[in-house]
Amino acid sequence: MHNRRTFLKFAGLSGVALPVAGIAFYSHNLISRAFAGSELSLLHGQYSTSWIGNSFAGKGQNGSGRWVQDEIVAMTVTDEGTVLTASLWDEAGRCTGLYRDNDTNVQCLMADGEARSRAWGWGTAGTSVAVIGHLLFITNTAGDLLQFYWSDPHNIQSAIKYQGHSKSGLALAMAGRAETLALALKGGGIQIRNPQDMSVRNTLPLSDITGLAIDSKNSLWVIQKGQILHYGLDGQILPGRIGNVAKATAISIDKNDVLLICDNGPDQQVLSYTLSSKPQLNQRYGVQGGLRAGTPGKMAANKFFALRGAGLDAAGNLYVGMCFGPNSNSPVLIRSLNPQQQLLWELSKYAWVTAFCFDPRSDGTVVYGPESIFSYEPDQEPGKGWQAEAITLDAVRYPDDPRIMGKDACSTELRHLQGKRLLYTMGQTGGGYDLYAFEPAPSQIAHHVASLKGDGFAWNVDAEGGIWRGQTPDQNIWHYAFAAWSDAGIPRFKSPVKYPVPELFTRVTRAHYDSSSDSLYIGGYTANKGKKSWGLIGAVVARYDHWKSGKAQFRWAANMPEDGHGLPPKAFDIAGDYLFTIAVFPTAGKDAVVTIFRLDNGAKVGNISPGAAVGNQSGWVDMIHAIHALRRKNGQYLIMVEEDARGKNIVYQWTPA
């Protein structure tokens, strides 16, 4: 949680995520250990565990299990139909993933020796990946070229053994074929290496290379300053320039010398060329316009977006990787389509440092993320009830959308205001809201229209779309009521009404208003219960009724539970008759414990923690709005919680006794 990450920037890539400290102790950071903390109590009634936002549950000990990784920077495809991906960050270390036939490798790739501790994910946090026969290569964020031996390239579960590394410098692209391994370096130059011993044969004086592929004649095709150019291994330019691609983000060449280009411009397509001195475009994969085609934003197998890589297997099946940014908060999709462009399989991840919310009008059957919309059937078996229906981010039409790079797009709230939808997003550490209005129906695209910012963690959105702020320059509690939409479609808010902070609190860290009862739930610290860490809800939560009347009446105050590190909860939400909190660290050996209190008197009801469906485990909880709750019409409660370790949100279904 606290300061786990810092970022290194270099040209051609976004944030390269590296651990701040303790990387050699990675195995202790993400999988729970038995910590003490507040006493847990049995929750009466029936509850079950499910999840939304990842194709897999993420079960398994540290370094093993199935989940789709947090981002894709680059990818390659083998003749056998395995997709291998590179990423700068995956919370639980799957920085290079193998995907085939709707499955992924169970055992994560790990370097040994000094390379293991030089980059995240046991050394594998990477910028590119390549495969030549049994040899698998990763260029990592520390400037190492890693080599692995893959015992059976037909089987993604077969042993992949680390064989060593060579210093290469930071690489932006890599490709391998037969007896040639080529690396395009960030600082300029393409290294030509022997795959067996990784020795450098020569270095071509070429710069600004962001994509790389090798054809059967052992010549190079590269993305250079937006064009596709052809070079020999001596660095001499060869015939074959392709200059009419709007935004080339990746290229690959299959065994039959078919060149694929990912065009991430307005067309959002994968282009197929026959190689020659004058390459000929012979096919376009995907519908023109990508997410804009048909109903804008609505998902379909032939609608591509945020293209990161594509490749063909020996049978002519296409594999496409998609990820905005690259950015680990972004959705990740890996699709396999047959030669007729029919979907064979799709694997996906939609959450990392992300808290989804329920559409308040849907009775729990529609869920919103920062850039996605899901349908949800709570009664389906765990992990099977959700389906991605739309992507709400159009990076082509709105290239400055903050969500492209994950900026302040972590937690979400959705409100229906005067016939229009308004999406509120807030970053991991608070600081106010970015506001996104949706295009006219039937479009599912939202675009950034306004922001309401300021310091502090105590921000919340009420049922009427008003914004509450509990940490303010004048130390009052402010309420910005929603006023109306402008003619330009921008939400307008009234000047804040200011309320004094009750005497109980020396510091307010949460302010959650319930309009159904005119009650404000305040979290914070008191004279004898002080602050312990950043962004927590505080040691005490109190309820005040008749809040807007100007004569607020104290109802109750409750001491908050502590996790095994002695910290109060990270977040809380209210729904129906209950208040729900979520712990940061394990408590009494249980990960991410939810504690439930009655709203009428503040009494503790019991606890929930991850069940067997997700391996009884969760990562740390470190978002100020990490939990969302809803009471359904049938009396059942849905409680949805951030789960960062393996890229999803956990959903509990609870029917009180």
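Bear in mind that the values in this text are calculations on the coordinates, not laboratory data. As the structure is a prediction and not an experimental result, all values here were calculated from the model. With ideal geometry, Cβ positions are generated from the backbone for all residues, glycine too; neighbour counts draw on all protein chains shown.
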Problem set entry | Computed E for residue 315/residue 545 - FRET, C-beta separation, R0 60 angstrom, nearest 0.05 | 0.35
Seminar exercise, completed: Whole-Å distance linking the alpha carbon centroid of region 247-274 with that of region 44-63 is 37
Exercise. Dividing the alpha-carbon Rg of the chain by 2.2 N^0.38 Å yields what?
Worked result: 0.99
Exercise. Taking the simple approach of a point 7 Å from Cα along Cα-to-Cβ for both residue 288 and residue 557, what is their distance in nm?
Worked result: 6.7
For this session: Take the alpha carbon atoms of region 67-184, find their radius of gyration, then divide it by 2.2 N^0.38 Å using N residues; give the quotient.
Result: 0.93
Seminar exercise, completed: Of all trypsin sites (Lys or Arg not before Pro) in region 182-224, the ones in DSSP coil with at most 16 other Cβ atoms within 10 Å are 217
Problem set entry | Rounded Å value of the spacing that divides the Cα centres of region 173-234 and region 415-443 | 44
Seminar exercise, completed: Dividing the mean separation of Cα pairs under 8 Å (6+ apart) by the residue count of the chain yields a relative contact order in percent of 13
For this session: Take peptides 356-366, 565-575, 235-245 and line them up by average Cβ neighbours within 10 Å, highest first, as a rough protection proxy.
Result: 565-575, 356-366, 235-245
Problem set entry | Highest to lowest packing among 632-644, 327-339, scored as the average C-beta count within 10 Å | 327-339, 632-644
Exercise. If one computes the Cα centroid of region 521-543 and of region 89-144, what distance in Å separates the two points?
Worked result: 42
Seminar exercise, completed: Taking placed amide H atoms and a strict 5 Å upper bound, the residues 5 or more places from residue 240 or on another chain that come that close are none
For this session: Rounded, prolate or oblate: pick one for region 357-655, where a ≥ b ≥ c are the square roots of the eigenvalues of its C-alpha gyration tensor, a/c under 1.5 means rounded, and failing that, prolate if a/b is larger than b/c, else oblate.
Result: oblate
Exercise. What is the set of long-range amide H partners of residue 164 at a cut-off below 5 Å, with H atoms built 1.01 Å from backbone N?
Worked result: 147
Exercise. Of 51, 468, how do they rank once you tally other Cβ atoms within 10 Å and put the fewest first?
Worked result: 468, 51
Exercise. For residue 218 and residue 344 in the same chain, what is the full-extension length gain: residue separation times 0.36 nm, less their Cα-Cα distance, in nm?
Worked result: 42.2 nm
Seminar exercise, completed: Label model pair residue 166, residue 381: point-to-point distance (7 angstrom along the Cα→beta-carbon line) in nm is 4.8
Exercise. Rounded to a whole number of µm²/s, how large is the Stokes-Einstein D of region 137-262 at 4 °C and 1.567 mPa s, given Rh as the Kirkwood radius over C-alpha pairs?
Worked result: 86
For this session: For the chain, give the magnitude of the charge dipole about the Cα centre (Cβ charges: +1 Lys/Arg, -1 Asp/Glu; no others), in debye to the nearest 20.
Result: 840
For this session: Rank by packing, highest mean first: peptides 302-310, 551-559, 261-269, 58-66, with packing defined as the count of other Cβ atoms within 10 Å averaged across residues.
Result: 302-310, 261-269, 58-66, 551-559
Exercise. If you project the alpha carbons of region 361-478 onto their three principal axes, what span does each projection cover, largest first, in Å?
Worked result: 48, 35, 28
